[in-house]
There are 4 protein chains.
Amino acid sequence: MVKKLNYGMVGGSLSAFIGAVHRIGASFDGKTHLVAGCFSPNEKSNRECGEYFELDPERVYASYTEMAEKEAAREDGIDFVTISIPNNHHYEAAKAFLVNKIHVLCEKPLCFTVGEAEELKKLAEENHVLFCVNYSYSGTNMVKEARELIQKGMIGEVINVNAEYLQEYLVDDIGQSEEKMVKLSSWRKDPEVAGISNCVGDIGTHIEHTVAYMTGLKLKRVAAKLDYFGQPLDLNANILVEFENGAHGVFCSSQVCVGHMNGLVVRIFGTEGAIEWVQENPNILSVTFKGQPTQIYNRGMGYVGTRSQETNRLPSGHPEGVYEAFANIYRAWVEAILKLKNNEALTEADMDFPSIDAGIEGVKFITACVESSKLDAQWITIN
Amino acid sequence: MVKKLNYGMVGGSLSAFIGAVHRIGASFDGKTHLVAGCFSPNEKSNRECGEYFELDPERVYASYTEMAEKEAAREDGIDFVTISIPNNHHYEAAKAFLVNKIHVLCEKPLCFTVGEAEELKKLAEENHVLFCVNYSYSGTNMVKEARELIQKGMIGEVINVNAEYLQEYLVDDIGQSEEKMVKLSSWRKDPEVAGISNCVGDIGTHIEHTVAYMTGLKLKRVAAKLDYFGQPLDLNANILVEFENGAHGVFCSSQVCVGHMNGLVVRIFGTEGAIEWVQENPNILSVTFKGQPTQIYNRGMGYVGTRSQETNRLPSGHPEGVYEAFANIYRAWVEAILKLKNNEALTEADMDFPSIDAGIEGVKFITACVESSKLDAQWITIN
Amino acid sequence: MVKKLNYGMVGGSLSAFIGAVHRIGASFDGKTHLVAGCFSPNEKSNRECGEYFELDPERVYASYTEMAEKEAAREDGIDFVTISIPNNHHYEAAKAFLVNKIHVLCEKPLCFTVGEAEELKKLAEENHVLFCVNYSYSGTNMVKEARELIQKGMIGEVINVNAEYLQEYLVDDIGQSEEKMVKLSSWRKDPEVAGISNCVGDIGTHIEHTVAYMTGLKLKRVAAKLDYFGQPLDLNANILVEFENGAHGVFCSSQVCVGHMNGLVVRIFGTEGAIEWVQENPNILSVTFKGQPTQIYNRGMGYVGTRSQETNRLPSGHPEGVYEAFANIYRAWVEAILKLKNNEALTEADMDFPSIDAGIEGVKFITACVESSKLDAQWITIN
Amino acid sequence: MVKKLNYGMVGGSLSAFIGAVHRIGASFDGKTHLVAGCFSPNEKSNRECGEYFELDPERVYASYTEMAEKEAAREDGIDFVTISIPNNHHYEAAKAFLVNKIHVLCEKPLCFTVGEAEELKKLAEENHVLFCVNYSYSGTNMVKEARELIQKGMIGEVINVNAEYLQEYLVDDIGQSEEKMVKLSSWRKDPEVAGISNCVGDIGTHIEHTVAYMTGLKLKRVAAKLDYFGQPLDLNANILVEFENGAHGVFCSSQVCVGHMNGLVVRIFGTEGAIEWVQENPNILSVTFKGQPTQIYNRGMGYVGTRSQETNRLPSGHPEGVYEAFANIYRAWVEAILKLKNNEALTEADMDFPSIDAGIEGVKFITACVESSKLDAQWITIN
């Protein structure tokens, strides 16, 4: 029986913060080996990564195409690849591995267009490989608890949603000429690299997915007002949303809201109760049943549900954070691939990682928001 | 020199909670005497009020029209009237006192239509009387501090606004037949009495005014989606807003959001900083300057601004609440009338109570939201 | 049937903040008239108070002794007196009214010595008058809810108590010479006026009473370490406590803890649950039953107990603060006196205001803390 | 130049939560290889660990003595050992590696007696090896920020300390017979295994160390009241403390405080400011300078100090938790050993991990608290 997996990385050089999070997340449960990579377009940086990770130099590749082909050709080739590079290369890189029948875990947003996204889904299906799009917050323990409570009907039918993802780090870009702009994540502000959206594409899409993951609800349509403040891509967005069940709500996404570092906050209101989750303090969940006091659920306690128990790593009150969310996604991802390799049946419960469908919904959402804003916040139908 | 004022009440019987808040707010500074009233359409209840407040029985009136005329005719007639009755009578009652040259403090929303509102303004001007519309949160000390910080330019130009007023108390009305509906404040749900809106008219209008008071910005237009859940008037509203300076934002107003009792939260984001005020913990103000730690301003401390100092009543850390907000509005209101009576000049600073213009903006806002929602959240221009 | 009471004040001139809180608190329910006073030793200030409150000049007295005698001699003399003057006069002033059979509501701490306190109790009993010592936090709605929950056994037996009252306002006194000291409340730092303790006497005593009120437990003994930082009276105190039921805990009282304005926090731990109340956000109560999520009780909701419902004034989410706590004490106090005047039986439930026994416990506590600290934190038995 | 280290574990079998935290913490920076271990006294469990971690079976040892000797004898023997076993074996296990000149990282509390602790220190010095005692909270980023702010004098001289570590998980042990007691961590309640203290030894010691790390202050003496509630070891402790600079404070440590999961809270009060850190929300630090608003410092922002910047791993607002604290201790620990191996000079700044001196202070503290409580909270001198 196969017990561990080999994997490779596209992107994730030593200077890339999110690459390190992937590696550490993948290593938490001790079931993966990093054995190959195309870490950087810079040859020196790429080689240094290989050395640091003690890889066989032959498995440090100059291009992801080469990597996909050569790894596929090896007896001991990688079981999956993690793609963590700027958005404009997601589609091509993912495709390269899919056609070589290598499972793909790719950063969000999945790609530039809905057409590309659907093509990737088709390729995954044709080649019988799994595809994960890294909406990492769905890996968070208490997000899973929120999902389970809602699935169990504890808050009744969802009637209103209020969610936001606020950051302040681009506030100095407002009205700035290009040379003075904030350098951090500068590629995110370049349409050639980031795609049609900065703020909605980078963080707004997390709102959409986290809400969808918690509630099981798809968006029906959006009416969005994006603010560009003189820049090529959006820095701020206020979005009216309507779900398939008729519920309304707002999504607010911003990188110019002073006082907010990484403020993803999701509030789901139902006919029988409500749930609030605040990413910056992720180990608790506020749960209120109508007419009752708000209850502060604590990760790791006996009263939380099955899935939260299963993904718990530390005793209650010992904070888990971002790495653990990644680790939970990798755990489900790795276990699913192991089942495939061991010819075990995969159930829906095994697939507790964001699928390519989540990636497609994300691209639809981003596309609809940008289009709606161009039409002065006219409703755009998504589903 | 006149040092104290006599006033009367329309509404505010012994069972009306908000009437008692008016009386206590008016009495905080010891400069008013309640001497007349038309407290209730119920004769017995009206008389009992007169006895409880130890009024001359002749000054307990069966109708506000009679009260306005008779008080105007007395040498020692009331200086002002407080009108605290259901919305459908605001216009007529206010008019009765205005034409009799008695200053009017009226509950919000001011009246049913913009036309009525503008007529009341005209009457107030023609009769040289003051008019206050009781948007009580603008009396809160730290709301005044927020206003002063923004006026001083401390947060730069306002670029985004996120404000909400969430309550849960009508959640059981969803999908209910009339006889089973929540009884509390039942007149608010009756279009004949409440007007065209329940939720936006009762609490959404407070969002609009509190934001306007803090920022000095007028709304340019709104795109609103109101939810009725099978009832004649709205229970939930999600509103995209655009201000005259081009900034966008969202206002969310709801009476079906479980877990929220009286959740007015205002967050103003500027190019240099941001401010957050939470009504349920009103003695603090969160202030962040970009790139700096969030600072928790505490009412009553030496670092707060002039107006906050002037309206401070208790040492820092000793909570002030709703009564004190009313008391601050009454303080400004009474001092302004005293100046008029003593033939002193009224400056703009003296007028730190919500004026009839605030009342007109409120009616415009409510009207526009309802109209927008009928047109499936199309933008409706306000100013 | 008597429905309203006349009262007088000793102290409470226009510049005294706590005097105004008494007057407003007494007026909330509209059942008292201020008709007499000895507001200030300063003749002009005293007279101005009389004028401001529109009193008969004959009833504005130069001394509390005169006031007690003359009011007792009047047919329409005051029903009770509120004594709100520096500590060193509490004993004499209270005595003057007691012997004249006038009910006394006195500020805390009751007096300087346990002997004086017990004498006052004896005088009150002999003269058949009521005596209230104004431990105002026991008037707070959610403190009453805490008491009721504990009385009902909801948290089991009390096994540990952690309570504190922290302020920062005297931090600049540390190591200062007298002329540079913080002027605010300067009499509190003068042993002649304040008594044997500043910090424990002014605020530590509130910890003792609030805990006793909530739990019904008396202190058995204390081991205290007071810090004087070069001043004649204490500025900081850390106190080990033992209750009559054997439970231990700590009380921390300080006026030099930067970041704390008026930080009374009481946490009661029992075998079945725990309660936390934070004075600066007094409308909520954190309640946890073992193994369960912490619940945030909100004042005014349907799930709170009888006494909290009875003393509720505003809908949930509309903050009540310090004035309302005073108003609740005055309500119980006034209703009790009215019952006496109307020859109705007084039950224990009617006596929901801090009695002279509370005042005696306070003096014992302060005395024991100072004595213990002199003996390097040796245990001193109180009860 | 040596760039990576090999290490072994004593304890840390697959079922031991803290063992996994050690392994993951050690792996975060990719500079260690786990190559040997004596993971469990259970032969099967020990062997399974070896297989899971893919170790050479020869390097999976039945006893730590054997492991120390054989690893010391190998050319490629381990550079350091992590000891994570019940307290009663710390001393013997540490000694075994010290005498074999292998660096030791050991869980707290270091050992049972001050004599043993000092012997270990002597052995470490004689054998020229480093010794780390895993007071893990000192690895937390914002604890380092607190330390730096205090070291820089930002809060002036420390005048009062209020710290606590509260848990609820043993509340059901109160008054229980042995067979019904809470099973979790049952060895901690057995004097043979845990030593003289349960609650103070397990968590109270973290208070002592975190305060010492932040402030640089040593304890002079303690007066402690421990509660046993019928059990052989303490479940609750309230402790008066005095520091070498004369400041006082309280430490409260409990495993029976309902509502608290892992509530380490440290508040340091100085003449110029104050700092508060709450372990359950570890990414922020509340900092107040006297007379100013409290500031909420956020990990990862530009305004935090050097050491916090150096140990930052994720952008601000992306929560770090317990694993990262361990990772920071391992980072400093590994870098220090690498310097030794590369014959580089070790500076004090390089030693930013809890040393054996911290371990000795911990044993002194625990011993003094137990002794003081036996003497009814008499002061016991520590330093």
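Residue count for segment B:211-239, restricted to those that are closer than 16 Å to residue B:161 by Cα, among the aromatic types (Phe, Trp, Tyr) and either in contact with a strand residue (DSSP E or B) (Cβ under 6 Å, 6 or more places away or on another chain) or surrounded by fewer than 18 Cβ atoms within 10 Å (Cβ to Cβ) (or both): 0. All conditions in (1) over 29 Å from residue B:300 (Cβ atoms); (2) without any contact (Cβ under 8 Å) to a residue 12 or more places away in the chain; (3) of a type outside the set (Ser, Thr, Tyr) hold for residue C:221, with the sole exception of (2). For the residues D:259, D:263, the requirement of being within 14 Å of chain A (Cβ to nearest Cβ), among the small types (Gly, Ala, Ser), out of contact with any His (no Cβ under 6 Å at 6 or more places or on another chain) and surrounded by fewer than 24 Cβ atoms within 10 Å (Cβ to Cβ) singles out D:263. Among the residues of segment B:212-224, are any modelled with pLDDT of 95 or more, within 14 Å of chain A (Cβ to nearest Cβ) and either in contact with a His (Cβ under 9 Å, 6 or more places away or on another chain) or assigned to a helix (DSSP H, G or I) (or both)? Among the residues of segment B:212-224, not one is modelled with pLDDT of 95 or more, within 14 Å of chain A (Cβ to nearest Cβ) and either in contact with a His (Cβ under 9 Å, 6 or more places away or on another chain) or assigned to a helix (DSSP H, G or I) (or both), which makes the answer no.
Residues of segment C:91-143 that are assigned to a helix (DSSP H, G or I) and among the acidic types (Asp, Glu): C:92, C:116, C:118, C:119, C:125, C:126. Being under 19 Å from residue B:39 (Cα atoms) and among the β-branched types (Val, Ile, Thr) is a property that does not hold for residue B:113. Is it true that residue D:88 is more than 13 Å from every other protein chain (Cβ to nearest Cβ), under 21 Å from the mean Cα position of the chain (by Cα) and not small (Gly, Ala, Ser)? The answer is yes for residue D:88. If you go through segment B:137-171 and pick out every residue that is polar (S, T, N, Q) and either within 14 Å of chain A (Cβ to nearest Cβ) or free of Cβ contacts under 8 Å to residues at least 24 places away in the same chain (or both), you end up with 3.
Scanning segment A:321-353 for residues being part of a loop (DSSP other than H, G, I, E, B), more than 14 Å from chain D (Cβ to nearest Cβ) and surrounded by 23 or more Cβ atoms within 10 Å (Cβ to Cβ) gives a total of 1. Scanning segment D:46-85 for residues that are part of a loop (DSSP other than H, G, I, E, B) and within 14 Å of chain A (Cβ to nearest Cβ) returns D:53, D:54, D:55. Residues considered: A:74, A:59, A:47. Of these, the only one that is more than 23 Å from residue D:324 (Cβ to Cβ) and in contact (Cβ under 8 Å) with a residue 40 or more places away in the chain is A:59.
Residue under question is residue A:237, and the condition is that it be more than 20 Å from the chain's Cα centre (by Cα) and farther than 26 Å from residue A:307 by Cβ; does it hold? For residue A:237, the condition - more than 20 Å from the chain's Cα centre (by Cα) and farther than 26 Å from residue A:307 by Cβ - is not met.
If only residues of segment A:23-60 that are among the basic types (Lys, Arg) and farther than 30 Å from residue D:15 by Cα are counted, the one that is surrounded by the fewest Cβ atoms within 10 Å (Cβ to Cβ) is A:44. For segment A:266-306, taking the residues that are assigned to a strand (DSSP E or B) and free of Cβ contacts under 8 Å to residues at least 60 places away in the same chain, the one that is farthest from the other protein chains (Cβ to nearest Cβ) is identified as A:278.
Summed over segment B:307-325, the residues that are free of Cβ contacts under 8 Å to residues at least 60 places away in the same chain and among the small types (Gly, Ala, Ser) give a count of 3. Kindly check whether there is at least one residue in segment D:28-44 that is in contact (Cβ under 8 Å) with a residue 24 or more places away in the chain and part of a helix (DSSP H, G or I). Looking for residues that are in contact (Cβ under 8 Å) with a residue 24 or more places away in the chain and part of a helix (DSSP H, G or I), one finds none in segment D:28-44, hence no. Can you confirm whether segment C:240-251 contains a residue that is within 14 Å of chain B (Cβ to nearest Cβ), assigned to a loop (DSSP other than H, G, I, E, B) and surrounded by fewer than 23 Cβ atoms within 10 Å (Cβ to Cβ)? Among the residues of segment C:240-251, not one is within 14 Å of chain B (Cβ to nearest Cβ), assigned to a loop (DSSP other than H, G, I, E, B) and surrounded by fewer than 23 Cβ atoms within 10 Å (Cβ to Cβ), which makes the answer no. Apart from one condition, residue D:356 fits all of (1) away from chain A (no Cβ under 14 Å); (2) in contact with a Phe, Trp or Tyr (Cβ under 9 Å, 6 or more places away or on another chain); (3) of a type outside the set (Lys, Arg); (4) surrounded by fewer than 23 Cβ atoms within 10 Å (Cβ to Cβ); the exception is (4). Is it fair to say residue A:285 is of a type in the set (A, V, I, L, M), in contact with an Asp or Glu (Cβ under 7 Å, 6 or more places away or on another chain) and either within 28 Å of residue B:234 (Cβ to Cβ) or surrounded by fewer than 23 Cβ atoms within 10 Å (Cβ to Cβ) (or both)? Judged against the criteria, residue A:285 is not a match. Within segment B:354-375, the set of residues being part of a helix (DSSP H, G or I), touching a residue at least 40 places away in the same chain (Cβ under 8 Å) and farther than 16 Å from residue B:253 by Cβ comprises B:356, B:357, B:358, B:359, B:360.
The condition of being modelled with pLDDT under 95, of a type in the set (Lys, Arg) and surrounded by fewer than 16 Cβ atoms within 10 Å (Cβ to Cβ) holds for only one of C:183, C:122, C:189, that being C:183. Screening segment D:307-320 for residues that are assigned to a helix (DSSP H, G or I) and under 27 Å from residue D:18 (Cβ atoms) and picking the one that is nearest to the other protein chains (Cβ to nearest Cβ) gives D:308.
The values are calculated or read from the model by the stated rules, or taken from the named source; none is laboratory data. Remember, it's a predicted structure, so these values are computed and weren't measured experimentally. In this analysis, Cβ positions are derived from the backbone assuming ideal geometry, glycine residues included, and neighbour counts consider all displayed protein chains.
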